[in-house]
Amino acid sequence: MNNKKTLIKAGTIITQDEKQNIFQHTDLLITGDQITAIGKNITVDDAEVIDASEMIVMPGLIDTHRHVWESVLRGAAANFSLIEYLQQVLGTLAPAFRAEDVYTANLLGALEALENGITTVMDWSHIMNSPAHADAAINGLKDAGIRAVFGYGTPGTSVWEWFYESPRPHPLDIERILKEHFNSTDQLVTPALAIRGPEYSLFDVAKQDIELARKYELPISMHAGCGTFADKYKAVQQLAIANLLGPDMNFAHCNLLISDDFKLLADNGCSVSVTPEVEMQMGLGFPATGKAIAAGIAPALGVDVVTGVGGDLFTQMRVALQTERSLVNQQSLDAGEMPQTTSLTAADALSWATSNGAKALKLDKKTGSLIPGKQADLILLRTDLLNITPVFGNPVNALVSQCSSANIDSVFVAGKALKRAGKLLHPDLQALRSAAKRTSTYVYEKALIAGIHSG
Ligand SMILES: [Zn+2]
């Protein structure tokens with residue numbers, strides 16, 4: 001057993017615990033994979049000591065919805081609507097992926113997430129073109145060292161067959177995958193089923209897919225409320241009528257769901273993942289942050305696709321927060337009045353990206369806050385950079401409104417340092433960069449889609 005000790009000294013500790021405690025000039029001790037103490041002047045003989053007197057110590061960020069395999073297609077969908085994205089990225093590029101491309105993409109995408117302070121990612125993996133693709137996706141996540149929920153999805157071989165009112169049930173390779181990759185519950189990567197749900201498959205298929213997940217006690221994630229699909233398929237109401245909603249379900253986007261839908265999700269303990277920037281770009285509707293909160297649901301955040309947007313959650317926190325504020329402000333403006341206050345707070349946004357994310361992924365016993373006994377998933381942010389100098393009052397306000405990934409000095413997952421002094425510790429990033437370029441070139445050439453770069 002690993003009992004290595006790391007003592008982080010004199011930091012500003014943002015715990016994200018139930019009371020939202022913030023401790024100044026306080027130490028945090030990591031022993032093995034756990035946080036074992038938080039307090040003043042902790043002394044340990046045999047620990048590596050990190051001076052955090054100019055740092056914020058906080059839980060690692062949690063991305064609850066990302067298609068990690070798209071990392072090698074970075075920027076490809078920067079100007080795409082959902083319809084264009086479905087046709088070009090899923091319809092044209094995804095079929096070209098070989099298993100080794102998925103490995104490179106997932107390793108790159110997971111390391112990028114770590115670089116950005118994301119210690120847990122839900123990988124919604126709809127690139128399961130063969131069993132070898134599934135193995136490659138899982139191995140990419142594992143080799144990166146990130147905590148991940150691997151959402152086993154459908155093949156990317158034909159978006160038309162798999163995502164347009166698809167009559168095809170979820171592949172059954174999940175049984176083999178569980179045996180070969182997930183025979184222990186005590187590992188950083190855990191399984192889930194990433195199903196299409198009633199907006200992308202026939203309802204009977206969605207029902208069958210949900211039953212498949214429940215047979216293996218897997219968490220379920222699906223997209224819902226995406227633009228006009230919300231009203232067309234009424235996914236949540238249909239699932240409720242069929243008595244299929246449950247606390248094992250996560251719904252991504254939810255933009256155009258109605259308040260009755262959110263009430264159903266709340267009553268059934270479902271979680272909601274908001275990916276604000278992609279949703280606004282691709283025409284899914286305004287982010288559902290406020291509607292989820294109004295129904296009593298604690299929203300979580302996601303990047304969704306780096307084909308469209310950047311891979312960091314600082315941006316998503318700010319986009320979600322300011323969009324929701326703007327929607328509320330507009331109500332006053334429409335009534336001919338100046339808004340007198342702002343809705344929501346920076347602390348709310350930080351919860352979306354940390355503790356709420358852990359709850360949404362059912363990982364809150366392990367991660368999402370800094371409490372002794374939990375896994376040591378945490379990040380250190382430099383406060384000596386000019387973008388956060390000086391900090392008066394609550395450091396969360398400055399953190400959420402000002403910080404970027406440039407502030408991230410260190411990243412720990414389960415007590416293991418994966419980034420230190422601003423640099424990822426992965427042994428061969430140069431080789432990874434070369435592999436990513438080769439993969440990207442191969443996929444674009446194979447897909448023969450001239451002009452997609454400038455699309
Ligand atoms: Zn998605």
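For residues that are touching a helix residue (DSSP H, G or I) at 6+ places or on another chain (Cβ under 6 Å) and part of a strand (DSSP E or B), scanning just segment 119-134, find the one that is farthest from Arg420 (Cα to Cα). So the residue we want is Ser125. Considering segment 22-32, and only residues there that are assigned to a strand (DSSP E or B) and in contact (Cβ under 8 Å) with a residue 60 or more places away in the chain, the residue that is surrounded by the most Cβ atoms within 10 Å (Cβ to Cβ) turns out to be Leu28. Surrounded by 21 or more Cβ atoms within 10 Å (Cβ to Cβ), of a type in the set (D, E, K, R) and within 13 Å of the ligand (Cβ to nearest atom) - does that describe any residue in segment 279-295? Yes, there is a match, as at least one residue in segment 279-295 is surrounded by 21 or more Cβ atoms within 10 Å (Cβ to Cβ), of a type in the set (D, E, K, R) and within 13 Å of the ligand (Cβ to nearest atom).
The set of residues in segment 424-449 being closer than 18 Å to Ala94 by Cβ and acidic (Asp, Glu) consists of Glu445 alone.
The set of residues in segment 330-368 being outside any helix (DSSP H, G or I), more than 28 Å from Gly246 (Cα to Cα) and of a type outside the set (A, V, I, L, M) consists of Gly336, Glu337, Pro339, Gln340, Thr341, Thr342, Ser343, Thr345. Checking each residue in segment 392-406 for being in contact (Cβ under 8 Å) with a residue 40 or more places away in the chain and not hydroxyl-bearing (Ser, Thr, Tyr) picks out Asn394, Pro395, Val396, Asn397, Leu399, Val400, Cys403. Do we have Gly151 as within 15 Å of the ligand (Cβ to nearest atom) and in a helix (DSSP H, G or I) here? For Gly151, the condition - within 15 Å of the ligand (Cβ to nearest atom) and in a helix (DSSP H, G or I) - is not met. Within segment 80-87, can one find any residue that is in contact with a strand residue (DSSP E or B) (Cβ under 9 Å, 6 or more places away or on another chain) and either in the same structural domain as Ala148 (by TED's automatic domain parsing) or under 20 Å from His253 (Cβ atoms) (or both)? No, there is no match, as no residue in segment 80-87 is in contact with a strand residue (DSSP E or B) (Cβ under 9 Å, 6 or more places away or on another chain) and either in the same structural domain as Ala148 (by TED's automatic domain parsing) or under 20 Å from His253 (Cβ atoms) (or both). Of all the listed residues (Ala230, Ala252), the sole one being under 18 Å from Ala294 (Cα atoms) and either within 16 Å of the ligand (Cβ to nearest atom) or in a loop (DSSP other than H, G, I, E, B) (or both) is Ala252.
Mind telling me which of the residues Ala252, Ala230, Ala192, Ala213 ends up being in contact with a strand residue (DSSP E or B) (Cβ under 7 Å, 6 or more places away or on another chain), closer than 24 Å to Phe286 by Cα and hydrophobic (A, V, I, L, M, F, W, C)?
Only one candidate qualifies: Ala252.
Scan segment 347-374 for residues that are buried (at least 18 other Cβ atoms within 10 Å of the Cβ) and more than 17 Å from Thr275 (Cα to Cα) and the total you get is 7.
Can you spot a residue in segment 239-247 that is within 21 Å of the chain's Cα centre (by Cα) and within 16 Å of the ligand (Cβ to nearest atom)? No: segment 239-247 contains no residue that is within 21 Å of the chain's Cα centre (by Cα) and within 16 Å of the ligand (Cβ to nearest atom).
In the set Ser81, Ser71, Ser53, Ser130, which member is within 16 Å of the ligand (Cβ to nearest atom), surrounded by fewer than 18 Cβ atoms within 10 Å (Cβ to Cβ) and among the polar types (S, T, N, Q)?
Working: Ser71 fails: surrounded by fewer than 18 Cβ atoms within 10 Å (Cβ to Cβ); Ser53 fails: within 16 Å of the ligand (Cβ to nearest atom); Ser130 fails: within 16 Å of the ligand (Cβ to nearest atom).
Just a single option satisfies the conditions, and that option is Ser81.
Restricting Ala192, Ala148, Ala144 to residues that are of a type in the set (A, V, I, L, M, F, W, C), in contact with an Asp or Glu (Cβ under 7 Å, 6 or more places away or on another chain) and either loosely packed, with under 15 Cβ neighbours inside 10 Å or in the same structural domain as Thr120 (by TED's automatic domain parsing) (or both) narrows the list to Ala148.
Can we say Leu90 is touching a His at 6+ places or on another chain (Cβ under 8 Å), crowded, with 16+ Cβ neighbours inside 10 Å and in a helix (DSSP H, G or I)? Walk me through it before giving the result.
Working: touching a His at 6+ places or on another chain (Cβ under 8 Å): yes; crowded, with 16+ Cβ neighbours inside 10 Å: yes; in a helix (DSSP H, G or I): yes.
Against the criterion (touching a His at 6+ places or on another chain (Cβ under 8 Å), crowded, with 16+ Cβ neighbours inside 10 Å and in a helix (DSSP H, G or I)), Leu90 qualifies.
Here Lys19 clears all of (1) in a strand (DSSP E or B); (2) away from the ligand (no atom under 16 Å from the Cβ) except the condition numbered (1).
Within segment 265-278, can you find the residues that are in a helix (DSSP H, G or I), buried (at least 18 other Cβ atoms within 10 Å of the Cβ) and more than 14 Å from the ligand (Cβ to nearest atom)? It would help to see each step written out before you state the result.
Let us first name the residues in segment 265-278 that are in a helix (DSSP H, G or I), namely 265-267, 276-278.
In the following step, the residues that additionally are buried (at least 18 other Cβ atoms within 10 Å of the Cβ) were identified as 265, 276-278.
Once the filter is applied, which keeps residues that are in a helix (DSSP H, G or I), buried (at least 18 other Cβ atoms within 10 Å of the Cβ) and more than 14 Å from the ligand (Cβ to nearest atom), segment 265-278 yields only Leu265.
Screening the candidates Ala224, Ala300 for the property of being over 21 Å from Ala113 (Cα atoms) and either within 16 Å of the ligand (Cβ to nearest atom) or at pLDDT below 95 (or both) yields one hit, Ala224. Within the set of pairs 6 or more residues apart or between chains, which connect a residue that is touching a residue at least 12 places away in the same chain (Cβ under 8 Å) and more than 18 Å from Phe97 (Cβ to Cβ) inside segment 143-161 to a residue that is among the polar types (S, T, N, Q) and part of a loop (DSSP other than H, G, I, E, B) with Cβ atoms less than 7 Å apart? Filtered contacts from segment 143-161: Arg147/Thr367. Pairing each residue of segment 248-267 that is under 17 Å from Lys362 (Cβ atoms) with any residue that is in a strand (DSSP E or B) and among the acidic types (Asp, Glu), provided the two are 6+ apart or on different chains, yields C-beta distances under 9 Å for Ala252/Asp304.
The values are calculated or read from the model by the stated rules, or taken from the named source; none is laboratory data. All values derive from a computational prediction rather than experimental measurement. Cβ atoms come from the backbone with ideal geometry, glycine included; neighbour counts cover every protein chain shown.
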